[in-house]
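Since the structure comes first, as structure tokens, the remarks are kept for the end.
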Amino acid sequence: MAYLTLRNINKIYPNGFHAVHDFNLEAERGEFIVFVGPSGCGKSTTLRMIAGLEDISKGEFLIDGQLANNLGPREREVAMVFQSYALYPNMTVYDNLAFGLNLQGVDEDIIEARVQKTAKILGLTEYLDRMPRALSGGQRQRVAVGRSIIRKVGVFLMDEPLSNLDAKQRVTMRSEITQIHRETGATTIYVTHDQTEAMTMADRIVVMKNGYVQQIGTPKEVYFHPVNMFVAGFIGEPPMNFIRRVVKQGCIEVGGASFDLTKRLGEKAAAYEGKEIVFGFRPEAVVLGTQENAYVTHGMVELTEMLGDNANVYLDIDQDKAILKVTPHEIPDMDTQLTFSIPHESVYLFDAQTEMVIK
Ligand code: ATP
């Protein structure tokens, strides 16, 4: 049975704003779930409903099969790490870590052992006597994570815990949190607007937009099988290229080459005759030059960006813009015509009206 169940969860704020619509999720014990989506899509609101910090307007929330809608935050046995570290400035790292256990009246010996173990996991042993102001941002963030994992709760809730860190610290903490998750085995729900964090950390990703869940799946599922243009554009960097075309005689023209829809869609193609569809492909899916089992097309090189391990090539394809990701050795000259191949299986087609993928 799922450990956390969200069944048609809705949030309507007192001012009437409907922030979350019919959110459904079953999280297994020990799963690492990431909520991802642009600012304001309802990630934090959903997390706060799970934490018990926000009322659930409609729907059912179950922990281990038991209805939990009306349980207070403490009764839910969840620990939450917020974006702001919320450490006690006048307490040492040791006391910050021990605080929650002290409140619960846990034995001194047990507290000592747990503080030491938590500090070891997080690499904080040598900082236990320090005040938070004498720590770097990353170290403070580790203390904040430590304060939650020390409690040995069943569920960790993390709301953008890395957003105050610089890029390098984020990468380090990302792998540390994944490691801690492996060691503690606690069910974790992690909120971020950063698709790289989502892809690297999650067992499953929940992609949200405007209060609605768009797709729930493993990182591979949302990357290779996005259900709609929003997910296809949100997951992946640079985002998927989209080219709109009207279907004529079962075909669309892209970059002077013809793509036969009937080959991909069979009889379904007829339904799109005279209508607009969206041709999608990922920047990293292309191969330069002409390849077999691929759709071969062309574009004019407008700009190139050398990034070190790879390079972005900005193309104009009949006045549509596209980006290709190539190796640094493949960077073409500006203002030249570039021929490239998109493997058949890397072409995505979307209904231009509904924005849903056409299978
Ligand atoms: P971010 O990444 O910016 O934190 P988010 O996806 O976590 O965004 P939420 O904080 O859940 O988004 O907010 C979802 C929507 O609900 C937003 O449009 C926000 O303005 C609105 N909202 C949040 N709190 C309230 C409130 N107390 N009353 C009314 N509307 C609210």
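All of the numbers you see were taken from the coordinates with simple rules; none came from a lab. Note that the coordinates shown come from a computational prediction; the quantities given were computed from them, not determined experimentally. Cβ placement follows ideal geometry from the backbone for every residue including glycine, while neighbour counts extend to all protein chains displayed.
Would you mind listing how long segment 249-309 runs along its three principal axes, going by Cα atoms, in whole Å with the largest first?
Computed over the Cα atoms, the extents are 45, 23, 19 Å.
Which three numbers, in whole Å and largest first, are the semi-axes of the equivalent ellipsoid of the chain derived from its Cα gyration tensor as √(5λ)?
46, 26, 15
Pairs to check: 43/152; 43/117; 11/268; 248/321; 43/268. Give those whose C-alpha atoms are more than 27 Å from each other in this structure. Please report the intermediate quantities before stating the final value.
Working: 43/152 24 Å; 43/117 32 Å; 11/268 39 Å; 248/321 22 Å; 43/268 36 Å.
Among 43/152; 43/117; 11/268; 248/321; 43/268, the Cα-Cα distance tops 27 Å for 43/117; 11/268; 43/268.
How would you order 338-348, 37-47 from highest to lowest mean count of nearby Cβ atoms within 10 Å?
Details: 338-348: 18.2, 37-47: 19.7.
Ranking the peptides 338-348, 37-47 by packing returns 37-47, 338-348.
Find the relative contact order for the chain and round it to a whole percent, using C-alpha pairs within less than 8 Å whose residues are 6+ positions apart.
Reported relative contact order: 15 percent.
If Lys and Arg each add +1 and Asp and Glu each add -1, what is the summed charge of the other residues whose beta carbon sits under 14 Å from the beta carbon of residue 37?
-2
Distance between the C-alpha centers of segment 1-31 and segment 309-359? Whole Å please.
Result: 37 Å between the Cα centres.
Under the rule of -39500 (n - 2.57) per DSSP H run of 4 or more residues, summed and divided by the residues of the chain, what mean residue ellipticity at 222 nm is obtained, to the nearest 500 deg cm²/dmol?
My calculation for the chain gives -7500 deg cm²/dmol from helical runs alone.
Which of the peptides 229-237, 161-169 is most tightly packed, and how do the rest follow, judged by the mean count of other Cβ atoms within 10 Å per residue? Kindly include the intermediate steps, with their values, before the conclusion.
Numbers: 229-237: 21.1, 161-169: 16.0.
Per-residue mean Cβ counts within 10 Å order the peptides as 229-237, 161-169.
Suppose R0 equals 22 Å. What FRET efficiency, 1/(1 + (r/R0)^6) with r the Cβ-Cβ distance, do residue 66 and residue 28 give to the nearest 0.05?
Given R0 = 22 Å and the Cβ-Cβ separation, E is 0.85.
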